[in-house]
Structure formats: C-alpha cells, structure tokens
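Heads up: the structure comes next, in structure tokens.
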Amino acid sequence: MSKHNPTRADQLRRTLEEEIFTGRLKPGDRLDEQSLAQRFNVSRTPVREALRQLSASHLIEVRPRQGAVVAVITLPRLIEMFEIMAELEGMCARLAARRMTEAERQALQTIIAEADQFAEQVDLDAYYTNNRQFHDAIYNGSHNHVLEEMTRSLHNRTAPYRRHQLNRPGRIHESLAEHKRVVEAILAVDPEAAGKAMNRHVNVQGDVFADFLSTLPTGYLTS
C-alpha cells in the first residue's frame, strides 16, 4: 500500500494517536474494539490492526481480561525516558545546526513567530500543536533518519505527559524562551550551543520536575 493511500487501519491509528497526544484519551483509558468499530463505522478488523500498531509503538498495552488500554508509565520509567529524550533531542539540535537547509531554517523561524502569538494569547492547545511542529522541524533538520525515528518514537510515548507541563502557570512563556535559545543557536550555526539549549529544555529536573508532576491528573502514573 502506498504512503499516499493509507489503509483504514492506518487512518484509525493516526486518529487514536492524536487523541492520545492531545489528552482526549488518557493513560489508563480502555479501548474497546466493538465500541471503536461502532464509533468509526468499520468492522473490527481494521480496529484490531490499529490497536496492534499502537501496541507495537508502546502507546497502548494489552492487559489480561481488560483488553487494550492507553499505556500508563511508572514514575521511575518516566524519569528515565526524559533523561534519554534530553540526549536524543540535544543530538538532533546539534546536527540540525550543522545540516539544516536555508528553507528549513526559514520554516523554523516561522514556527517560532507563530508561537509568540499563541503564548501571548495563552492558547495552550495551539501552542502545544506549535510545540510539536517545532520539535518535528528539528528532528527533520538533523538529516539522520535513524536518530529521527528513535527520537520521534520516544517523544510520542511521552507526549501525554509532556503536554501537561504547559498547565503550570508561566510555563508556556518559559517554554517559548527555551525554544528561542535553541533556534538562535541553530541560526548561528552553533551546534554545541544548540545541543545544550535543547538538552536543558527537555531535561526537567529537581523542583521543575516536581512542578511538572503536580500538573498530571490522578492515574497518569503508577509507582
């Protein structure tokens, strides 16, 4: 099947992914095959395949006698994920500073300009979408497909948790300032500065991490 002609299962997977990323489907929510088939007006076959794909990417898990549920991450594992994310995204930023084309740099500047407006309006949903575009642009700009694939996979797995950072008062403006430091370093073709700025942006630690955890709804983590 061509990439330009996704299967119904692929379409369902993308829809469910988006709902997980945006928080409509929350960690621990049950995904019932029959209910999904009725909702999307399809047979259970594409639903089953979509759930299989989501399970393979660790966004959902299949539990005995419970069926499929949106994956819940333990606190120690979430900390480990953020540590790895900081290194992977820092590497993407370093390579992007060296390898981004002029068109890619201009696109990155456009994303940041749009983010200013969303931050000023405190539009969390629009800013979160812009935030994903920002990170995607840098993954693509690394021009390393293996690194891009690894980073995006882990980013997706932590997406339901990362979004809630923006709920902390003032965080949206802090995030934008951090993004701008990354972009400034990339535009200056300063790989080390870009990598360090991105690492600091992703690697939440200490009091910042405690504040982040306080934004997560009950049930998002297990001990």
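The values are calculated or read from the model by the stated rules, or taken from the named source; none is laboratory data. This structure is a prediction, so every number in the text was calculated from the model and none was measured. For neighbour counting, all protein chains shown are included, and Cβ atoms are generated from backbone atoms with ideal geometry for every residue, glycine included. Heavy atoms of the whole protein, side chains included, go into the accessibility calculation; ligands, DNA and RNA do not. Shrake-Rupley method; radii C 1.70, N 1.55, O 1.52, S 1.80 Å.
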Q: Provide the per residue accessible area, probe 1.4 Å, for the chain, rounded to a whole number of square angstrom.
A: 52 Å²
Q. What is the mean projected area of the alpha carbon convex hull for the stretch 76-223, to one decimal in square nanometres?
A. 8.2 nm²
Q) Arg14 accessible area, nearest 10 Å², 1.4 Å probe? A) 110 Å²
Q. Using the Kirkwood formula over every pair of different C-alpha atoms, what hydrodynamic radius in Å results for the stretch 1-65?
A. 12.2 Å
Q: Using only alpha carbon positions, build the gyration tensor of the stretch 39-143, then give the equivalent ellipsoid semi-axes as the square roots of 5 times its eigenvalues, largest first, whole angstrom.
A: 33, 19, 16
Q. So what is Rg over Rh here for the stretch 162-217, counting just Cα atoms and using Kirkwood for Rh?
A. 1.05
Q.
Counting only protein heavy atoms and a 1.4 Å probe, tell me what percentage of the stretch 154-223's accessible area is made up of carbon and sulfur.
A. 50 percent
Q.
I'd like the distance between the alpha-carbon centres of the stretch 132-169 and the stretch 51-82, rounded to an integer number of Å.
A. 18 Å
Q) How much accessible surface area, in Å² rounded to 10, belongs to the heavy atoms of Asp10 with a 1.4 Å probe? A) 30 Å²
**Q.** Fraction of accessible area attributable to carbon and sulfur, the stretch 66-126 (%, probe 1.4 Å)
**A.** 52 percent
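Could you tell me which trypsin sites (Lys or Arg not before Pro) in the stretch 137-223 are loop residues by DSSP with no more than 12 other beta carbons within 10 angstrom of their beta carbon?
Sparse-neighbourhood loop trypsin sites (Lys or Arg not before Pro): none present.
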Q) In the stretch 1-50, what percent of the accessible surface is made up of carbon and sulfur (1.4 Å probe, ligands and nucleic acids excluded)? A) 44 percent
**Q.** Per-peptide average of other Cβ atoms within 10 Å, ordering 210-221, 139-150 highest first
**A.** 139-150, 210-221
Q | 0 to 90° range, to nearest 10: angle between helix 8-21 axis and the chain longest Cα axis | A | 60 degrees
Q. Using heavy-atom solvent-accessible surface (probe 1.4 Å) with all chains present, what is the largest-first order of Glu87, Glu104?
A. Glu87, Glu104
